[in-house]
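Working notes for the structure below.
The values are calculated or read from the model by the stated rules, or taken from the named source; none is laboratory data. Since we're looking at a predicted model, the values are computed, not measured. Positions of Cβ are generated from backbone atoms using ideal geometry, with glycine treated the same way; all protein chains shown enter the neighbour counts.
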Amino acid sequence: MVISNMRFDSFEWAHNPLTVQVTHKRRMTQQNMAGGGSFVSNAGCELKVIKGKGELAGENCTQEFQRLCDLFERGKRGLLTLPFMAPFYAYFTDLSLTGEPTPELITYTFEFTQAENSEYALTADGEAVVKESETLFDIAYRCGVDVEELVRLNPQIKRPDELTAGEVVRLC
């Protein structure tokens with residue numbers, strides 16, 4: 001089995017981080033009943049939080065760390081792809097340099113927070129699955145991708161205003 005590399009927006013890790021922790025939480029609320037007793041109800045899932053630690057090694061490690069810093073500074077939502085998980089949209093919420101950097105090795109920690117609990121399906125390859133009556137313009141808007149880029153990536157689509165529910169659209 002081939003394990004894919006972690007990706008966020010335009011950055012692909014040459015080697016996956018040393019550790020990755022994905023936290024899923026369910027919100028539960030406890031309510032008291034009149035006359036005594038209580039019950040617990042499911043208030044839904046919280047957004048995923050992804051934390052980890054990585055190393056960038058080699059003569060270009062400082063340039064790679066700068067690329068990560070630039071991506072963090074943009075503050076935009078992007079598609080996060082992790083090994084063994086379907087991609088989802090997230091924000092890059094923390095990047096910290098750890099330890100003493102050297103010209104050949106930089107260690108860092110990172111955190112991503114899921115952008116939203118989305119009703120929109122993505123495939124394991126980060127492709128959008130078309131919903132009923134959606135157009136390529138709708139997908140460009142909801143996925144934060146230029147429609148011209150979607151047209152370039154999807155030459156099989158002849159009419160951007162006529163898509164079929166269930167059709168798959170490449171995002172990157």
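Residues in segment 68-89 that are among the small types (G, A, S) and touching an Asp or Glu at 6+ places or on another chain (Cβ under 7 Å): G78 alone.
The listed residues are A90, A86, A14, and the only one of them that is farther than 23 Å from A128 by Cα and either in a helix (DSSP H, G or I) or in the same structural domain as T109 (by TED's automatic domain parsing) (or both) turns out to be A14. Being at pLDDT 95 or above, outside any strand (DSSP E or B) and over 25 Å from E127 (Cα atoms) is a property that does not hold for F72. If the condition is being at pLDDT below 80, within 30 Å of A57 (Cβ to Cβ) and not hydrophobic (A, V, I, L, M, F, W, C), then segment 99-148 contributes D125, G126. Within segment 144-163, can one find any residue that is of a type in the set (G, A, S), outside the structural domain of P17 (by TED's automatic domain parsing) and over 26 Å from Q21 (Cβ atoms)? No: zero hits.
Of the residues screened, Y91 is one that is among the hydroxyl-bearing types (S, T, Y), modelled with pLDDT of 85 or more and surrounded by 15 or more Cβ atoms within 10 Å (Cβ to Cβ).
Residues checked against (1) without any contact (Cβ under 8 Å) to a residue 40 or more places away in the chain; (2) touching a strand residue (DSSP E or B) at 6+ places or on another chain (Cβ under 7 Å):
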{"site": "N16", "(1), (2)": "no, no"}
{"site": "G36", "(1), (2)": "yes, no"}
{"site": "K51", "(1), (2)": "no, yes"}
{"site": "L79", "(1), (2)": "no, yes"}
{"site": "F84", "(1), (2)": "no, no"}
{"site": "S96", "(1), (2)": "yes, yes"}
{"site": "G99", "(1), (2)": "yes, yes"}
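Every listed requirement among (1) under 18 Å from V20 (Cβ atoms); (2) at pLDDT 80 or above is met by F84 save one, (2).
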